[in-house]
Structure formats: C-alpha cells, structure tokens
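Inspection log for the structure reproduced underneath, given as structure tokens.
The values are calculated or read from the model by the stated rules, or taken from the named source; none is laboratory data. Keep in mind that what you see is a predicted model, and the values were worked out from it rather than measured. Using ideal geometry, Cβ is built from the backbone for each residue, glycine included, and neighbour counts are taken over all protein chains shown.
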Amino acid sequence: MPDPWPQMRVSPGARADARLPAALDPIALRVRPATLAEDFAAAGRRLGAEVPPLARLFLDEPAYLLAEILAFRPEDAEQAFDIALDKAPETAPALVRALALRLGDWVARIKARLPGLSDARPARVMQAVLTGAPGADRAAATPADPLARLHLATARLRSTHALLRNAVASLQPAAARTFEARLASAGSTRRWASCWPN
C-alpha cells in the first residue's frame with residue numbers, strides 16, 4: 001500500500017525549490033467554464049469563418065456585439081500584455097493598437113445598433129478614451145536620456161493599455177444587463193411564436 005499523501009515529498013532532483021502550488025503560480029493557465037456570452041461570441045467567429053452569407057445575419061445581431069464585449073477578459077489581456085512587454089517589447093505597441101481598434105469597432109457598432117447603450121456613462125467614457133489622448137505636448141516632456149525615454153515609453157504603454165482595458169470593464173455590467181434582456185426577449189418571442197398554429 002502506498003504512503004499517505006502527507007508523507008510524500010518532492011525529491012530535490014525534481015526541482016522542488018522552483019515549484020509553486022498551482023494556485024500560487026502567476027502564469028498558470030487556469031481553465032474556467034465558458035459563459036454563455038463567450039460561447040455565443042465563439043459561435044459567431046466560427047460561423048463567420050465557415051458560412052459567410054448566413055454569418056452576416058448572426059454577426060449583425062446586437063446580442064453578438066454584447067457577447068463580444070462580455071467575452072473580453074481584462075485580466076487575461078493584462079497578463080498577455082505584461083508577458084509581451086517582458087519577452088518581446090517590440091510587440092507591445094501592436095497589442096495596444098489592436099485593443100484600441102477593437103474598442104473603436106465596438107463603440108461604432110454600439111452607436112449603430114444599440115443607441116440606448118451608447119448613451120450610458122461607460123460608453124461615453126470609452127468614446128472619450130478613444131478620442132482624447134491626454135498630454136498633447138509629449139515631445140516637450142520627453143527626457144534626453146535613452147534609458148529614461150525607454151522607461152517613459154514603457155509606462156505610457158502600460159497606462160494606455162490599462163485605460164483601454166478599464167474602459168471595456170466599465171462597459172461590461174451594462175452590456176451584461178442588455179445581453180440578458182435581449183436573450184429574455186428572444187425567448188418570449190419564441191414562446192409566442194410556438195402558440196400560433198402552422
């Protein structure tokens with residue numbers, strides 16, 4: 001019979017000193033159950049890749065836009081950005097730009113398809129983030145020392161990415177309420193449609 005678990009030890013040859021329990025490992029990939037919004041967004045991406053004519057109807061559905069916003073995970077985006085900044089700093093500006101473009105797309109689609117949500121405070125904050133860049137005279141504030149310039153550029157990238165992530169996070173509660181209402185109204189429409197004789 002094997003020894004009970006409390007008596008088992010990790011041998012020094014297995015790098016016992018370099019191991020952390022999974023809960024304490026900061027880079028551990030934690031699989032979490034997908035939410036309905038994440039599944040909905042993934043279905044839209046698959047449908048868009050496989051069935052273009054039918055996908056247009058699905059992708060134009062406001063619930064898909066809301067699902068995209070809800071499927072965005074700020075903590076995952078932050079971790080990916082930090083890893084990119086540490087391992088390949090030249091890719092960090094591209095990540096900031098990609099997130100800004102994604103936000104711009106979401107804001108434009110919210111204005112077009114969900115005018116009630118675009119009047120909400122988080123949507124106005126998001127629009128302000130995308131249009132107004134603070135610090136117009138950045139060239140005057142740039143230090144001459146190359147190392148100081150590098151630190152300043154890194155700090156600006158981090159703060160811009162954090163601002164964009166927080167803008168999405170502030171929109172998510174309103175998007176969740178609208179998404180649930182949209183699904184509830186689709187369910188009641190389906191129930192009424194099933195009452196009609198064919």
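Quick look at the values:
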| item | result |
| --- | --- |
| Hey, LEU171 under 31 Å from the mean Cα position of the chain (by Cα), within 30 Å of ARG73 (Cα to Cα) and either aromatic (Phe, Trp, Tyr) or modelled with pLDDT of 90 or more (or both) or not | no |
| Answer from LEU95, LEU183, LEU164 - the residue that is under 17 Å from ALA71 (Cα atoms), surrounded by 10 or more Cβ atoms within 10 Å (Cβ to Cβ) and at pLDDT 90 or above | LEU164 |
| Matching residues, region 47-75, being without any contact (Cβ under 8 Å) to a residue 40 or more places away in the chain, surrounded by 13 or more Cβ atoms within 10 Å (Cβ to Cβ) and in a helix (DSSP H, G or I) | LEU47, GLY48, ALA55, PHE58, LEU59, TYR64, GLU68, ALA71 |
